[in-house]
Amino acid sequence: MTDIQHERRLLLLVNPMAGKKLAQSKLYEIIDRFVKAGYEVTVHPTQSRGDATSQVLRKGGQFCRIVCCGGDGTLNEVITGLAGLKDPPELGYIPTGTTNDFAHSLGFSKEPAAAADTAAAGIPFRCDIGRFGERCFTYIAAFGAFTDVAYTTAQQAKNLFGGLAYLFEGVKRLGSLRSFTVEVSCKKGLIRDEFIFGAVVNSLSVAGHKGFFSDDVSLNDGEFEVLLVRRPQTIAELNAIIGDLVSQRFDQQRIRFFKTDDVRFSCSEPLSWTLDGEDGGSVEEVEISCLQNAVTFIVAPQAAE
């Protein structure tokens, strides 16, 4: 295939079940925007979990641009596929999931047609992604309290209540919070303690809450933000932790917060992780590293500033 043939070919990967099935009702309009922008469009509705990754690995090299239409989980699959290509194409994103955390970080419109216009005619923005063992993630890897809520909350509840569905499900767990003895090591040292929650983050939005860590986050600086919440011994300590999280002023006796490009977690028992809101499996030890500028997103000009 010549460069001229390649440069206007676009692969649109659509998760028709994401969120409120918004992509199904807007698909013609989305395709029409790309055709009017001069692209030859190939559409693939994802068939099962992992299908987006498979399609990118098999066909990604044939296109100048891939556009993901779905939620955070679908985007995770596309990112994982792109990380496996030697020369990955540019990536557009049309967020149609429930919370769309990463979409907030890069200013993608919630309106599919507007997001399609950005994917067609925006500008490149090179962005970091994470490697979790042999897998990849876009914006968060986490363990502990409530981290399985995103993939155990019923889709019907997500559609009805949006981000509140995660909160409702999480409240049910308050009486059964448990801690894990975890050893965390990076270039800045070693920490060993009991934690109820840990997260490795590259995002301005977590669990639908925009502004989380916003004063400290750059999406292409080659570093993650790491948050570790120690086990509270009293109700007063639990209330103080909640206050720290709301104010983003972290008392190091309760919450450890630092930046790093590489971090290793070790636990004496299998630790369950979530990657971009999807089940990440359970492991006793894992290394998480930052792949700086590994993916080129197509964004609106103001988002790249």
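The values are calculated or read from the model by the stated rules, or taken from the named source; none is laboratory data. Just so it is clear, the structure is predicted and the values come from calculations on it, not from any experiment. Glycine also receives a Cβ, built like all others from the backbone with ideal geometry; neighbour counts cover every protein chain displayed. Each accessible area value is taken on the protein alone, full model and side chains, heavy atoms only, with ligands, DNA and RNA left out. Shrake-Rupley method; radii C 1.70, N 1.55, O 1.52, S 1.80 Å.
A few remarks follow.
- Filtered by the rule that a residue be outside any loop (DSSP other than H, G, I, E, B) and of a type in the set (Phe, Trp, Tyr), the range 88-117 gives 93, 102.
- For residue 60, the stated conditions hold: it is in contact with a Leu (Cβ under 6 Å, 6 or more places away or on another chain) and either buried (at least 24 other Cβ atoms within 10 Å of the Cβ) or at pLDDT 95 or above (or both).
- Residue that is modelled with the highest pLDDT [pool: residues in the range 101-125 that are more than 18 Å from residue 12 (Cα to Cα), open to solvent by 10 Å² or more (accessible area, probe 1.4 Å) and touching a Leu at 6+ places or on another chain (Cβ under 9 Å)]: 125
- Qualifying residue in the range 222-244 (condition: within 18 Å of residue 192 (Cβ to Cβ), open to solvent by less than 60 Å² (accessible area, probe 1.4 Å) and touching a residue at least 60 places away in the same chain (Cβ under 8 Å)): yes
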